[in-house]
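What follows is a short report on a single structure.
The values are calculated or read from the model by the stated rules, or taken from the named source; none is laboratory data. For clarity, every value in this text was computed on a predicted model and none was experimentally measured. Here Cβ is always computed from backbone atoms with ideal geometry, including for glycine, and neighbour counts include all displayed protein chains. Only protein heavy atoms, including side chains, enter the accessible area calculation; ligands, DNA and RNA are left aside. Shrake-Rupley method; radii C 1.70, N 1.55, O 1.52, S 1.80 Å.
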Amino acid sequence: MKPEMKTADKIPFLDLITPHKELRDELVETFGNALDAGAFVGGAAVENFEKDFASFCAAEHCVGVGSGTDALRFALMAAGLKKGSIVVTVPNTFIATTEAISQAGLTVDFVDIDERTFNMDPAKLRQYLEVECYVDPNSGDLINKRLSRPVGAIVPVHLYGQTADMDPILELAERYGLTVIEDACQAHGAEYFSKRENRWKKAGSMGLAAAFSFYPGKNLGACGEGGAVTTNDAAVAKTIRMLRDHGQSQKYFHEIEGFNGRLDAIQAGILQVKLRHLADWNENRRAAAARYRDLFVEAGAADLPPIEPEWATGVYHLYVIRVQDRMGLIRYLGEANIGAAIHYPVPLHLQNAYKSLGYSEGDFPVSELVSSEIVSLPMFPNLRDDQQERVVRGVMSFVSGAGLQNRGRERRLVATH
Ligand SMILES: *Cc1c(COP(=O)(O)O)cnc(C)c1O
């Protein structure tokens, strides 16, 4: 079958124009207020946004910072981990996760993901802690055998807007005395049902601290760079307030050496305007995900939609499917004027930047397989029904042309649970 002609309207992978058109007057007014007040860094706009975002995340404190990377780095630095200790995360995430670990003076290590959720596999984490580590009888530290270093923290990434399976991760962390820092940079508003606590919990309220990014394309995006840490720990919040501002406790009194990692007042004002719409935008994303699912099921491809476990309420930062010939699919969709992307094509343990970690192909087989097949389809709050129908028609005509046996999960690795 021929792809639909290029003459069809472009369906962007992401629409950053429409939401700002709708809010233009309010956003411009925010900018005007900052100009009138001459308030550009810190101040009431930042504090007000921090208050509102903390409450959105059901966390006690929020500290606005310059980016999601700052947020992760500062959270890890504020956690009081031993210098050089290991922070365990996953290979299929954005490199900012591991940059923050290294830049905080800590050591990156990985466990593989669960094929069903694309997130950290708690069984692999358990195996890492129980088999690849031992408890040093003198210090009581949990030492990784290969790296001969203590393990200090776990960074589960709530990838694509769906939380990692936090109950078992938190249980293991408690058992081994490890700190958990959530990478919630893609998960503003996502929720997790904790069986242990018999309640839904917000991303950003489960670990010692959590990092959020307000990069423009995120579910809550600034008109520029921004990020935030949420935490229920007052001391951690206080340290991060110092870290973002040159280690100052008050002007020109530096308790520690810090960074220039503050959130702009203009961005905070913009974020506060947009935050009022975030719950609705997330609902629209969930509705779009449900519509994609229905369309794929109707088209006989019930195995294509991503899985949402019963314990997750995802906010679909990305809508990710798997196909064997994903470059072929992306080209085919491009011919039909449909945007698509890959998040992320090369797992971190195989990146040149991490050659020194000594990993090679085969070390994290699930991440490797998944990262070779994933495609992110158009997903944004104002995605229209007719656009989704065109996307699904495009995907289906490609996969049926390529042979139905070439898609779906049946031939994949055996899921771990
Ligand atoms: C975007 C993102 C980051 C980094 O956020 P920045 O604001 O770009 O620094 C970190 N982790 C994940 C998973 C992300 O998606």
Within the range 187-205, the count of residues that are over 19 Å from Ala279 (Cβ atoms) and touching a helix residue (DSSP H, G or I) at 6+ places or on another chain (Cβ under 9 Å) comes to 4
Only one of Thr69, Thr30 is more than 16 Å from the ligand (Cβ to nearest atom) and open to solvent by 10 Å² or more (accessible area, probe 1.4 Å). Can you tell me which?
Thr30
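Considering every residue within the range 285-305, establish whether at least one is under 25 Å from Glu225 (Cα atoms), out of contact with any helix residue (DSSP H, G or I) (no Cβ under 9 Å at 6 or more places or on another chain) and assigned to a helix (DSSP H, G or I).
no
Could you identify the single residue in Glu225, Glu174 that is free of Cβ contacts under 8 Å to residues at least 24 places away in the same chain and outside any strand (DSSP E or B)?
Glu174
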Flag for Val41 being away from the ligand (no atom under 16 Å from the Cβ), under 27 Å from Ile101 (Cα atoms) and assigned by TED's automatic domain parsing to the domain that holds Cys223
yes
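Under the condition of being polar (S, T, N, Q) and open to solvent by less than 20 Å² (accessible area, probe 1.4 Å), which residue from the range 163-190 is nearest to Asp70 (Cα to Cα)?
Taking the range 163-190 as the starting set, the residues that turn out to be polar (S, T, N, Q) are 163, 179, 186.
Those left that are additionally open to solvent by less than 20 Å² (accessible area, probe 1.4 Å): 163, 186.
Details: Thr163: 21, Gln186: 15 Å.
Taking the candidates together, the pick is Gln186.
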Return only the number of the condition from (1) assigned to a strand (DSSP E or B); (2) surrounded by fewer than 21 Cβ atoms within 10 Å (Cβ to Cβ) that Lys218 does not satisfy.
(1)
Which of the residues belonging to the range 221-243 are closer than 17 Å to Ala100 by Cβ and either open to solvent by 40 Å² or more (accessible area, probe 1.4 Å) or β-branched (Val, Ile, Thr) (or both)?
Glu225, Val229, Thr230, Thr231, Val236, Thr239, Ile240
Cβ contacts < 9 Å: first residue within 9 Å of Ser213 (Cα to Cα), restricted to the range 181-192; second residue among the β-branched types (Val, Ile, Thr) and open to solvent by 10 Å² or more (accessible area, probe 1.4 Å), any location; separation 6+ or different chain. Result?
Cys185/Thr69
Considering only the range 256-270, state which residues are surrounded by 14 or more Cβ atoms within 10 Å (Cβ to Cβ) and over 20 Å from Gly38 (Cβ atoms).
Gly258, Phe259, Gly261
So, in the range 214-239, of the ones that are in contact with a strand residue (DSSP E or B) (Cβ under 6 Å, 6 or more places away or on another chain) and away from the ligand (no atom under 14 Å from the Cβ), which residue ends up nearest to Phe49 (Cα to Cα)?
Thr230
Selection from the range 44-64 of residues buried (at least 21 other Cβ atoms within 10 Å of the Cβ) and touching a Leu at 6+ places or on another chain (Cβ under 6 Å) yields Val46, Phe49, Gly64
Taking the criterion of being under 16 Å from the mean Cα position of the chain (by Cα) and either part of a helix (DSSP H, G or I) or in contact (Cβ under 8 Å) with a residue 24 or more places away in the chain (or both), would at least one residue in the range 52-59 satisfy it?
yes
I'm trying to understand the selection: among the residues of the range 276-292, which are in contact (Cβ under 8 Å) with a residue 60 or more places away in the chain and either over 19 Å from the mean Cα position of the chain (by Cα) or buried (at least 18 other Cβ atoms within 10 Å of the Cβ) (or both)?
His277, Leu278, Asp280, Trp281, Asn282, Arg285, Ala288, Ala289, Arg291, Tyr292
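Every residue in the range 191-208 that is over 17 Å from Ala54 (Cβ atoms) and either surrounded by 21 or more Cβ atoms within 10 Å (Cβ to Cβ) or within 16 Å of the ligand (Cβ to nearest atom) (or both), please.
Tyr192 - this is the single residue of the range 191-208 that is over 17 Å from Ala54 (Cβ atoms) and either surrounded by 21 or more Cβ atoms within 10 Å (Cβ to Cβ) or within 16 Å of the ligand (Cβ to nearest atom) (or both).
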So in the range 306-341, with the set limited to residues that are in contact with a helix residue (DSSP H, G or I) (Cβ under 8 Å, 6 or more places away or on another chain) and in a helix (DSSP H, G or I), which one is surrounded by the most Cβ atoms within 10 Å (Cβ to Cβ)?
Leu333
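Right, Ala211: within 13 Å of the ligand (Cβ to nearest atom), farther than 20 Å from Arg286 by Cβ and either aromatic (Phe, Trp, Tyr) or in contact (Cβ under 8 Å) with a residue 12 or more places away in the chain (or both) or not?
Against the criterion (within 13 Å of the ligand (Cβ to nearest atom), farther than 20 Å from Arg286 by Cβ and either aromatic (Phe, Trp, Tyr) or in contact (Cβ under 8 Å) with a residue 12 or more places away in the chain (or both)), Ala211 qualifies.
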Picking from Phe49, Phe118, Phe110, which residue would you name as being in contact with a helix residue (DSSP H, G or I) (Cβ under 9 Å, 6 or more places away or on another chain), within 16 Å of the ligand (Cβ to nearest atom) and more than 30 Å from Leu172 (Cα to Cα)?
Phe49
